[in-house]
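Q: The structure's right below; bear with me while I get my questions together.
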Amino acid sequence: AEKGFIILGLSFFSGVFGVHALGAVLPNFVVTLVRFSVWGISTILVCLFWKTTIITAGRDKLLCLLTVLALLSFVWSEYPDFTSFNARDILMMTSFGLYFATRFSLKEQVQLVTCTLFIGSFLSTIVAVGLPSVGIHQADGIESHPGAWKGVYGHKNGLGSMMVLSALTFLALPKENSNLYKWSGLSFSLVLMLLSTSKTSLVLSLLLILLMVFYRNFRWKGKISVIFIDIGILILGCVALLIFTYWVELLTGLGRDPTLTGRTPLWGAALARLMERPLLGYGYAAFWAPKSKYAIEAGHAIGSGWVPPHAHNGLIDLLLDVGFIGLSLFLMSYFTTFAQALKRAYATRNPEDLWPLAYLTFLAMNNVTESYLMRLANLYWVLFITIVFTINQKSKFQKLTL
């Protein structure tokens with residue numbers, strides 16, 4: 001029952017029940033029931049195991065402070081009601097991530113995430129073939145991508161991003177899982193990624209799969225110190241950032257315009273406004289609130305008249321929500337966890353121990369041109385919370401001298 005609940009919750013956070021996915025064909029009360037069931041049950045279970053929950057939450061006090069800061073940001077928000085209403089997403093993600101980290105080991109987490117995304121792959125195929133108006137982009141709207149698969153994730157980039165995660169989890173499956181399941185699931189993920197036509201996902205998957213293959217096959221050959229591995233990962237991350245942000249020629253060759261589809265003027269407008277409230281930002285979700293003058297101004301900067309719903313950059317959105325104080329808390333938590341993930345990946349032959357490092361690398365790269373941190377109820381922040389509270393614990397990996 002617990003595993004079934006986790007799969008339901010992960011599916012919800014991945015966007016399966018969104019208004020542009022299964023939410024378009026399911027009755028509203030079903031979607032509402034799923035939302036509040038995931039929130040309510042996880043909250044009850046966290047309270048039920050309150051002693052373990054407190055111990056788990058204490059593993060990363062910085063992340064706890066960031067969560068509290070976001071929840072209290074209605075105090076300085078220009079749209080306090082909107083901020084307070086959307087803060088329920090933070091509570092939902094935090095309670096679910098805490099429960100997931102408390103009750104399941106890293107091996108079980110990888111297996112459950114893999115199973116969830118495998119189910120999502122099948123549902124995406126069924127919906128795309130049986131209900132193409134829901135599962136495939138049609139030739140309408142401002143942001144039209146006719147023929148691109150979106151499956152049960154509401155958008156082609158959503159499907160592509162989930163399939164990148166799916167590929168990574170299949171590569172990180174524990175040894176006791178069958179090779180047929182592993183390689184068929186990996187192949188299925190790559191096929192759906194191609195059908196989504198998401199170029200960002202294709203480049204991301206290539207870089208991350210190469211990274212995981214390197215760790216699995218070459219880390220034990222020769223005298224490669226962890227310092228050199230760390231430097232290699234950082235260089236790879238820098239190259240990825242250049243690819244997605246500055247290497248105009250390459251991006252233009254992939255079908256993008258030199259301004260990253262209007263992102264650079266959008267970022268400029270958002271950062272200019274940020275300088276007015278650098279420490280605490282504008283409050284959670286307030287900058288992009290409906291009819292917000294800041295969002296309208298950012299839309300004018302693009303020149304299309306379209307009002308953007310977010311900054312298309314996770315770190316910029318985090319800055320707008322909770323300022324440099326919140327960003328500092330996130331970065332300290334992230335890099336502390338990254339160091340522990342690196343130790344764990346270096347110190348074991350178990351494939352599931354590569355998952356935290358692979359996911360944290362994916363999270364950083366994926367938030368360069370998209371906003372996948374605390375915005376709305378999303379799978380990315382849930383998995384980040386889960387990994388942070390799972391890996392930052394006293395274990396044999398922390399006792400190793402590298």
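Q: Before we move on, is Ala301 in a helix (DSSP H, G or I), open to solvent by 20 Å² or more (accessible area, probe 1.4 Å), without any contact (Cβ under 8 Å) to a residue 24 or more places away in the chain and of a type in the set (A, V, I, L, M)?
A: no
Q: Related question: Taking the conditions exactly as written (closer than 30 Å to Asn179 by Cβ, among the small types (Gly, Ala, Ser) and free of Cβ contacts under 8 Å to residues at least 40 places away in the same chain), does Gly130 satisfy them or not?
A: no
Q: Open to solvent by 10 Å² or more (accessible area, probe 1.4 Å) and under 19 Å from the mean Cα position of the chain (by Cα): is that true of Leu22 in this structure?
A: no
Q: Being open to solvent by less than 20 Å² (accessible area, probe 1.4 Å), under 14 Å from Leu357 (Cα atoms) and out of contact with any Phe, Trp or Tyr (no Cβ under 6 Å at 6 or more places or on another chain) is the filter here; which residues of the stretch 193-218 pass it?
A: Leu211, Met212, Tyr215
Q: When residues of the stretch 278-296 are filtered for being in contact with a helix residue (DSSP H, G or I) (Cβ under 7 Å, 6 or more places away or on another chain) and open to solvent by 70 Å² or more (accessible area, probe 1.4 Å), how many remain?
A: Residues that pass the stated criteria total 1.
Q: From Ile44, Ile90, which residue is open to solvent by 70 Å² or more (accessible area, probe 1.4 Å) and modelled with pLDDT of 90 or more?
A: Details: Ile90 fails: open to solvent by 70 Å² or more (accessible area, probe 1.4 Å).
Step by step, each of Ile44, Ile90 is checked, and only Ile44 is open to solvent by 70 Å² or more (accessible area, probe 1.4 Å) and modelled with pLDDT of 90 or more.
Q: Of the numbered conditions (1) touching a Phe, Trp or Tyr at 6+ places or on another chain (Cβ under 8 Å); (2) farther than 22 Å from Leu360 by Cα; (3) of a type in the set (Val, Ile, Thr), Val152 fails exactly one; give the number of that condition.
A: So the condition that Val152 fails would be (1).
Q: A follow-up question, please. Could you list all residues from the stretch 93-120 that are surrounded by 20 or more Cβ atoms within 10 Å (Cβ to Cβ) and small (Gly, Ala, Ser)?
A: Answer for the stretch 93-120, where residues must be surrounded by 20 or more Cβ atoms within 10 Å (Cβ to Cβ) and small (Gly, Ala, Ser): Ser95, Gly97, Ala101, Gly120.
Q: Just one of (1) open to solvent by 20 Å² or more (accessible area, probe 1.4 Å); (2) at pLDDT 85 or above trips up Phe384, so point out which.
A: The single condition Phe384 does not satisfy is (1).
Q: Restrict the check to the stretch 55-64 and report whether at least one residue is of a type in the set (A, V, I, L, M) and modelled with pLDDT of 90 or more.
A: Yes, because at least one residue in the stretch 55-64 is of a type in the set (A, V, I, L, M) and modelled with pLDDT of 90 or more.
Q: Pick from the stretch 326-374 the residues that are part of a loop (DSSP other than H, G, I, E, B) and over 26 Å from Gly160 (Cβ atoms): which of them is least open to solvent (accessible area, probe 1.4 Å)?
A: Once the filter is applied, the top-ranked residue is Thr348.
Q: Moving to a separate point now. Taking the condition of being outside any helix (DSSP H, G or I) and without any contact (Cβ under 8 Å) to a residue 12 or more places away in the chain, how many residues in the stretch 15-68 meet it?
A: 3
Q: Restricting to the stretch 25-41, name every residue that is within 23 Å of the chain's Cα centre (by Cα) and either open to solvent by 30 Å² or more (accessible area, probe 1.4 Å) or among the hydrophobic types (A, V, I, L, M, F, W, C) (or both). Even if it seems obvious, please write down each step before you answer.
A: Looking only at the stretch 25-41, we keep the residues that are within 23 Å of the chain's Cα centre (by Cα), and these are 31-32, 34-41.
The answer is Val31, Thr32, Val34, Arg35, Phe36, Ser37, Val38, Trp39, Ile41.
Q: With the requirement that a residue be of a type in the set (S, T, N, Q) and either on the phi > 0 side of the Ramachandran plot or crowded, with 24+ Cβ neighbours inside 10 Å (or both), what does the stretch 166-186 give you?
A: Selection gives Ser166, Thr169.
Q: Further, regarding this structure: Does Leu190 count as free of Cβ contacts under 8 Å to residues at least 12 places away in the same chain, of a type in the set (A, V, I, L, M, F, W, C), open to solvent by 20 Å² or more (accessible area, probe 1.4 Å) and closer than 19 Å to Gly158 by Cβ?
A: No: the conditions fail for Leu190.
Q: On the basis of being open to solvent by less than 10 Å² (accessible area, probe 1.4 Å), in contact with a Gly (Cβ under 7 Å, 6 or more places away or on another chain) and farther than 30 Å from Phe287 by Cα, does Ala128 make the cut? Explain how you work it out, then say what you get.
A: Numbers: open to solvent by less than 10 Å² (accessible area, probe 1.4 Å): yes; in contact with a Gly (Cβ under 7 Å, 6 or more places away or on another chain): yes; farther than 30 Å from Phe287 by Cα: yes.
Here the answer is yes, as Ala128 does meet what is asked.
Q: Exactly one of these conditions fails for Leu66: (1) under 19 Å from the mean Cα position of the chain (by Cα); (2) surrounded by fewer than 18 Cβ atoms within 10 Å (Cβ to Cβ). Give me its number.
A: (2)
The values are calculated or read from the model by the stated rules, or taken from the named source; none is laboratory data. The structure presented is a predicted model; accordingly, all values stated were derived computationally and were not measured. Please note: Cβ atoms are built from the backbone with ideal geometry, for glycine as well, and neighbour counts cover all protein chains shown. Accessible surface areas use protein heavy atoms only, side chains included; no ligands, DNA or RNA. Shrake-Rupley method; radii C 1.70, N 1.55, O 1.52, S 1.80 Å.
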